[in-house]
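Structure first, commentary second.
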Amino acid sequence: MHRGGRSRVLVLLYHRVLPGRKADDLDRFLSVSWEQFTAQMDVLAAAKCAAPLGSMAEEPSTDDRPIRVAVTFDDGYADVLEYALPILQQRHIPATVFLTTGFCDGSTAAWWEQIAQCLRVTCSSGSERTLRYRELVRRYQRRPPTDRKQKPELAFSMPANSGSDEQRKFLTPDEVRWAAGRGLTFENHTHSHICVAALSEDEMSYECGRAASLITAWTGRTPQVFAFPGGGWHDISPRSLRTLARAGYPAAFASASRGARWHDWTSWLRRAHIRVLPRRPVEWTTTMEEFRSWLT
């Protein structure tokens, strides 16, 4: 039985929510089904453990609940409004979107979506398409941070939101403005979803500052926290943490994927000038048994 003291925190990381019938094999890499998400939010509502992300960025405090859980989404996919927001509103669960503003204004393309869209056109075999997608994403992610500063050099690169409205995957500025008044909080995820570990302080300041100014203009609220694009250990650098601290961010969020040894980072992070907190990715393959185990 929980007897008070310091409450544990869990920050859930989602990207997309799609009905199972609408998600193809490539969509599922960054999605959970609408059915899964509904069941997961029912668990949080029943446990009365959902809390705003802002409370996680503060130092842990005494709380009667054994665990506090925050719901977050990365990048700013448009289907969050259509499929996730109604579920959250019905259950009075707050949620945060870490927004990549360049995806919203069309100035930046999501490289992984470029890969997926090309493979949908060029590969008729689902199994081949999935294998090639995994290979190309892995190849790009393993490039040195200095190389990942640039757009992926792929022959099938195409402009963002090309073809038709059906291909538009990210929120527009008007949709961000609308959602900000209906239960979603928007925080900083850079302007172009670049690997910040490779950036100079001036470049990092631009990426964060540009995103912050657009989010403020669209929502009327200045972002308070930051999430690292990619979110892995190799996506973070002492220089990027110093830049965030100077910009006034009290905390930043990374990703603790399955098997990640977050405790190995503790000594390094203790020397940082900003709190860096892990998030738990929720995947298409996450079972309800596994999800419930995170709350115990």
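In this structure, does residue 67 turn out to be over 16 Å from residue 281 (Cβ atoms), in contact with a Cys (Cβ under 7 Å, 6 or more places away or on another chain) and among the aliphatic types (A, V, I, L, M)?
Yes; evaluated as a whole, the condition is true for this residue.
Considering only region 179-196, I want to know if a residue exists there that is modelled with pLDDT under 85 and acidic (Asp, Glu).
no
Within region 8-54, considering only strands (runs of 3 or more DSSP E) that don't extend past its boundaries, which have at least 1 residues that are outside the structural domain of residue 126 (by TED's automatic domain parsing) and of a type in the set (Phe, Trp, Tyr)?
Filter on region 8-54 gives 8-14.
Checking residue 259 against (1) out of contact with any Gly (no Cβ under 9 Å at 6 or more places or on another chain); (2) part of a loop (DSSP other than H, G, I, E, B); (3) surrounded by 15 or more Cβ atoms within 10 Å (Cβ to Cβ); (4) at pLDDT below 75, only one condition comes out false. Which one?
Tallying (1) out of contact with any Gly (no Cβ under 9 Å at 6 or more places or on another chain); (2) part of a loop (DSSP other than H, G, I, E, B); (3) surrounded by 15 or more Cβ atoms within 10 Å (Cβ to Cβ); (4) at pLDDT below 75, residue 259 fails exactly one: (3).
Kindly evaluate residue 136 against the criterion of being modelled with pLDDT of 85 or more and not assigned by TED's automatic domain parsing to the domain that holds residue 231.
Judged against the criteria, residue 136 is a match.
I'd like the full set of residues that are surrounded by 15 or more Cβ atoms within 10 Å (Cβ to Cβ) and of a type in the set (A, V, I, L, M, F, W, C), limited to region 200-234.
Of everything in region 200-234, those that are surrounded by 15 or more Cβ atoms within 10 Å (Cβ to Cβ) and of a type in the set (A, V, I, L, M, F, W, C) turn out to be 204, 208, 211, 212, 214, 215, 218, 225, 226, 227, 228, 233.
Quick one: residue 253 ticks every box in (1) within 18 Å of residue 275 (Cβ to Cβ); (2) modelled with pLDDT of 95 or more except a single one, so which number is it?
Only one criterion is unmet by residue 253, namely (2).
Which condition does residue 83 not pass, out of (1) of a type in the set (Phe, Trp, Tyr); (2) in a loop (DSSP other than H, G, I, E, B); (3) modelled with pLDDT of 95 or more, if it passes all the others?
(2)
The values are calculated or read from the model by the stated rules, or taken from the named source; none is laboratory data. In this text the structure is predicted, and so the values were computed from the model without any measurement. Every residue, glycine among them, receives a Cβ derived from its backbone with ideal geometry; neighbour counts consider all protein chains shown.
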